[in-house]
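Scroll down for the structure; my scribbles are underneath it.
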Number of protein chains: 2
Amino acid sequence: MKVAIVGASGAVGQEFLRVLADRNFPLDELVLFGSERSAGRRYMFRGMEHEVKLLCHNDDFKDVDIAFTSAGAGISKEFADDITRHGAVMIDNSSAFRMDEDVPLVVPECNAADALNRPRGIIANPNCTTIMMVVALQPLENLSHIRRIHIASYQSASGAGAAAMAELQQQYKEINDGKPVTVSKFPHQLAYNVIPQIDVFQPNGYTKEEMKMFNETRKIMHSDVKCSAMCVRVSSLRAHSESVWIETERPISVEEAQKALAVAPGVTLQDDPDNLVYPMPLETAGTDDIYVGRVRKDLADDCGLTFWLSGDQIRKGAALNAVQIAEYLIKVGNVK
Amino acid sequence: MKVAIVGASGAVGQEFLRVLADRNFPLDELVLFGSERSAGRRYMFRGMEHEVKLLCHNDDFKDVDIAFTSAGAGISKEFADDITRHGAVMIDNSSAFRMDEDVPLVVPECNAADALNRPRGIIANPNCTTIMMVVALQPLENLSHIRRIHIASYQSASGAGAAAMAELQQQYKEINDGKPVTVSKFPHQLAYNVIPQIDVFQPNGYTKEEMKMFNETRKIMHSDVKCSAMCVRVSSLRAHSESVWIETERPISVEEAQKALAVAPGVTLQDDPDNLVYPMPLETAGTDDIYVGRVRKDLADDCGLTFWLSGDQIRKGAALNAVQIAEYLIKVGNVK
């Protein structure tokens, strides 16, 4: 089993190294690829140094079985043919192919088997905010069909990359030191602020990030659900949080929902408000599950339920989900 | 016109001094009251020093026309009789009397005239998060009755008081300096975090803050609207933000809503996403209006509309709203 990571120096690329090691992923050889800026850097994996190779249009992917790509939609589009033409499975973290009909969009807790039907050899990893939400929605959908979703996000700096996380920390340091604040990775200062914009605006007034939640949720869950999202950047570092309202076909009780969430794969129910226990990004950072709490009835909708979730954006929101897709393919003997 | 401020040393008390000065409030004499901890402190107002007097059960309010009280619900209840028995109008910023039937709950942009009917001499100032929302809802309610509200808040440290604001800044400093983080004013560390709890939990799983939004909105707007709120603390300093979805009886178009918001009292429409213009707490802090942006259709509800707002929690969310109530009483000649 030969595995490649494309975009090895990025926040998600680095997380791939940790996740593959942590999970004892059954690989025999690992190759790292990156841009000119990153080529030549060396990273440790299982006690051995691995040097980042420059990503080129050549036959470097000839013997690769699985390629995890996380270097932006442009790179994924440009190199998809080089990566897949010898038979490698490309598990792509970018938005390049997510809505293409011949590319499955997979969150293993929801639709693992969709990964088996990949005419182009590409499986798309959904947007982080969507992954986190659907992991929590699936056990509730299994109880009663979800018709509508309203969701307000509290997204961490990591969603904008490793440099953005560093910029947020730098901003707080600059404020402390009475210096001018550097703003380059976000549209505005994020320190002591909240920015109601993630990604670019669409003609309907929603951002791309918000429309991903609408479209990707429907594709992953094979559902006609309608989702209105408000995506907001806050100053946490690497875990996202979401406030979610759902309307189901029949009313679901709080107890029923909690019971389903407590045993759902990939979910940890963390719902003990009397003891001030609920999910928070400071605590979910660096962990694998989606944490759900504050489950209660929607006071504005008799068929409604509302809850709060938090999870690591780089892990389950990106690298871990992609690795779980690969693990599923290996388990069912469907890599090549 | 003799005006008293009770709780003069607090974040809201200090804002009363600034707001009364900024607006040239027509007062002849100002008296400040506080606890034992605050008594004896001196504050400048219109170029003159004012010493904080200890709040006692005596006749100190005999000649007072208007008393702005902001020292917590316990103090408001304990001293309401002392303050009002000689005829002073008590405009109370605490939650002590808000839901009492014989106490009007007033946001001048919505229900100024309610302030005229105050059998106990008390007018209640609503919860900050509610004030900010109803200022933006009123012009939309005037277009078509609002039936449901879903709202997720992004509330600043100031909502927990001046010491909490200082604690948040201290936390970032401590993290910068590699020191242990002080946590005393919030249930958990707020720096680089998001805390999905404001005030204490109720048996239905909602916090008191969230239930205030349900109950106070109905009372202020004289409405049967149902509101499901999720109130969350983020690490901004003094302005709150809110993501709001409304369902109206008839569909309101985005253009219609923007037009109504643009001319609504107390509202500034700040809705130019193409130029990255939308309300943000860093910019709305220290200003008077409620800023509304990101107005768009609710993709999950044909009769739904959604928008984002931000406003200064200490100003319109507390001190300014109370002063505007007093200005209304003076304007209509209804102080004593």
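The values are calculated or read from the model by the stated rules, or taken from the named source; none is laboratory data. Everything numeric in this text was worked out from a predicted model, so none of it was measured. In this analysis, Cβ positions are derived from the backbone assuming ideal geometry, glycine residues included, and neighbour counts consider all displayed protein chains. Accessible surface areas use protein heavy atoms only, side chains included; no ligands, DNA or RNA. Shrake-Rupley method; radii C 1.70, N 1.55, O 1.52, S 1.80 Å.
Numbers for the structure displayed
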| read-out | value |
| --- | --- |
| Solvent-accessible heavy-atom area per residue, rounded to whole Å², over chain B at 1.4 Å | 36 Å² |
| Using θ = phi - 60° and Karplus 6.51 cos²θ - 1.76 cosθ + 1.60, couplings along the range A:330-335 (whole Hz; Gly, Pro as x) | 5, 4, 8, x, 10, 7 |
| Rg(Cα)/(2.2 N^0.38 Å) for the range A:1-88, N = residue count | 0.99 |
| Accessible-area ranking of A:Met48, B:Met90, B:Met211, largest first, probe 1.4 Å | A:Met48, B:Met211, B:Met90 |
| Nearest-ten-degree value, helix A:73-84 long axis tilted from longest Cα axis of chain A | 50 degrees |
| Accessible area, probe 1.4 Å, largest first, for residues A:Asp22, A:Asp92, A:Asp65 | A:Asp22, A:Asp65, A:Asp92 |
| Which of A:Lys62, B:Lys226, B:Lys297 is most accessible, then next, and so on - probe 1.4 Å | A:Lys62, B:Lys226, B:Lys297 |
| Averaged over A:299-312, number of beta-carbon atoms from partner chains that fall within 10 Å | 4 |
| Proportion of all alpha-carbon pairs of the range B:93-198 beyond 20 Å (%) | 57 percent |
| DSSP beta bridge pairing in the range A:134-284, given as percent antiparallel to the nearest 5 | 65 percent |
| Accessible surface of the protein assembly as shown, 1.4 Å probe, proportion on carbon and sulfur as whole % | 48 percent |
| Shielding by partners, peptide A:146-158 (average Cβ within 10 angstrom, other chains) | 4 |
| Per-pair calculated FRET efficiency, R0 = 22 Å: A:Arg42 and A:Ser184 via Cβ, rounded to 0.05 | 0.20 |
| From the C-alpha gyration tensor of the range A:221-336, square roots of 5λ in Å | 26, 19, 15 |
| For B:Ser236, residues with placed amide H under 5 Å, excluding near neighbours | B:Ala157 |
| Antiparallel DSSP beta bridges within the range B:1-112, as percent of all bridges there, nearest 5 | 20 percent |
| Relative contact order for chain B, counting Cα pairs under 8 Å that sit 6 or more residues apart, in percent | 18 percent |
| Isotropic mean projected area of the C-alpha convex hull, the range B:26-141 (nm²) | 8.4 nm² |
| Length-normalised contact order of the range A:197-334 in % [C-alpha pairs under 8 Å, at least 6 apart] | 22 percent |
| Antiparallel %, DSSP beta bridges [both residues in chain A], to 5 | 50 percent |
| Against the rule of thumb 2.2 N^0.38 Å, how large the Cα Rg of the protein assembly as shown comes out | 1.04 |
| Translational diffusion coefficient (Stokes-Einstein; Kirkwood radius from C-alpha pairs) of chain B at 20 °C, 1.002 mPa s, in µm²/s | 104 µm²/s |
| A:Val12 accessible area, 1.4 Å probe, all protein chains in place, Å² to nearest 10 | 20 Å² |
| Cross-link pairs B:Lys2/B:Lys62; B:Lys53/B:Lys316; A:Lys212/A:Lys297; B:Lys2/B:Lys77; A:Lys2/A:Lys331; A:Lys297/B:Lys212 - those with Cα-Cα distance over 18 Å | B:Lys53/B:Lys316; A:Lys212/A:Lys297; B:Lys2/B:Lys77 |
| For the range A:125-230: relative contact order, % (alpha-carbon pairs under 8 angstrom, 6 or more apart) | 35 percent |
| Peptide-level mean, for A:278-290, of C-beta atoms on other protein chains within 10 Å | 3 |
| Nonlocal amide H pairs with A:Cys227, under 5 Å, H built at 1.01 Å | A:Ile149 |
| Probe 1.4 Å - accessible area at A:Glu141, Å² to nearest ten | 40 Å² |
| Kirkwood Rh in Å, taken over all unlike Cα pairs in the range B:37-91 | 12.2 Å |
| With all protein chains modelled, accessible area of B:Asp199 [1.4 Å, Å²] | 60 Å² |
| C-alpha long axis of helix A:208-221 to longest principal axis of chain A, angle in ° | 90 degrees |
| Protein heavy-atom accessible area occluded, A/B pair - total, 1.4 Å probe, Å² | 5200 Å² |
| Reachable lysines from A:Lys179, criterion Cα separation under 29 angstrom, eight or more residues apart if same chain | B:Lys173, B:Lys179, B:Lys185 |
